[in-house]
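All remarks here apply to the structure that follows.
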Amino acid sequence: MSQPIYKRVLLKASGEALMGSQGFGIDVTVADRIAGDIAQAREMGVEVGVVVGGGNIFRGVAVASKGGDRVTGDHMGMLGTVINALALATSLRKLDIDTVVLSAISMPEICESFSQRATLYHLSLGRVVIFAGGTGNPFFTTDSAAALRAAEMGAQAIFKGTQVDGIYSADPKKFPDAERFEHLTHSQVLEKGLAVMDVAAVALARENSIPIVVFSIHEKGGFAEILTGGGRKTIVSDN
């Protein structure tokens, strides 16, 4: 087996990825496949943290767009990420992968509370750490949570699993002639306004010199392949 380029990474998966072809909720077969990809990374000796979105359950901005309270909506969205984290943890445990869920919102009957100290402790024991509850604050996306947790855990890269195999100048599903990028700097992503991660997340990754690797989360085994330098992806880094 090829040696991985990175020893500690943060995987960001959208809630929509867990939804599969369904219109709502969690497709267990998809959760199991993503868990299998994470298990491959663990077999290679890579320490993995995971942030999962909640868009398949609820989007806080949907409440605000209809005149509701954004703060309450975001709190509801955070609860959606906890549901997804628990589902992914279940899929990992089925593969005998030691896994812990750390939530930014305290709910001790369901999962442990997040702290950097707890994160580093569980990683040192070889556990996959799934971060739930976003940042714990409204007005911040799970992309921002991913960049924040990556910095706190000392991740060498953020792996952003998306619906396509890299970063394009426009949605390639709508614009077949969209330009695909192999490499960009964090500043170029911000200057071009590319929809990779939100501005706060990209800026935080830049400030902490954390590369962002964008790849398709729908390719079975793609995560492990890219960890060893192969596969189709776009790398965002200042090197």
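Only the coordinates and a few stated rules stand behind these numbers; no lab work does. None of these values were measured; they are calculated from a predicted model. Cβ placement follows ideal geometry from the backbone for every residue including glycine, while neighbour counts extend to all protein chains displayed.
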Percent antiparallel among DSSP beta bridges confined to the chain, nearest 5, equals 15 percent
Relative pair counts by distance (%), Cα atoms of segment 103-239, 10 Å bins: 11, 37, 36, 13, 2, 0
Under Karplus coefficients 6.51, -1.76 and 1.60, residue-wise ³J(HN,Hα) of segment 173-180 in Hz, glycine/proline x: 6, 9, 10, x, 8, 4, 6, 9
Aspartates and glutamates within cross-link reach of Lys220: Cα-Cα under 20 Å, excluding same-chain residues under 8 positions apart? Glu16, Asp27, Asp32, Asp37, Glu43, Glu47, Asp96, Asp165
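Using the Cα atoms as the points, what is the convex hull volume per residue of segment 1-83 in Å³?
Numbers: hull volume 8.6 nm³, N = 83.
Dividing the Cα hull volume of segment 1-83 by its residue count gives 103 Å³.
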Ranking request for peptides 218-225, 153-160, 128-135: highest mean number of other beta-carbon atoms within 10 Å first, then the rest in descending order. 128-135, 153-160, 218-225
Alpha carbon centre of segment 191-207 versus segment 79-121: separation in Å? 26 Å
Please list the three semi-axes, largest first and in whole Å, of the ellipsoid equivalent to the chain, using sqrt of 5 times the eigenvalues of its alpha carbon gyration tensor. 24, 23, 18
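Per DSSP helix of 4 or more residues, -39500 (n - 2.57); summed, then divided by the residues of the chain. What does that give at 222 nm, rounded to the nearest 500? Could the numbers behind the result be given before it?
Details: 9 runs with 95 residues, N = 239.
Taking each H run of at least 4 residues, the total per residue is -12000 deg cm²/dmol.
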Once you have a ≥ b ≥ c as the square roots of the Cα gyration tensor eigenvalues for segment 91-184, tell me rounded if a/c is under 1.5, and otherwise prolate or oblate according to whether a/b is larger than b/c. prolate
Beyond 27 Å between alpha-carbons counts as too far, so tell me which of Lys12/Lys173; Lys66/Lys160; Lys7/Lys233 fall in that bin. Lys66/Lys160
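Return the percentage of antiparallel bridges among DSSP beta bridges fully within segment 94-224, rounded to the nearest 5 %.
Working: 2 of 14 bridges.
Roughly 15 percent of the beta bridges in segment 94-224 run antiparallel, per DSSP.
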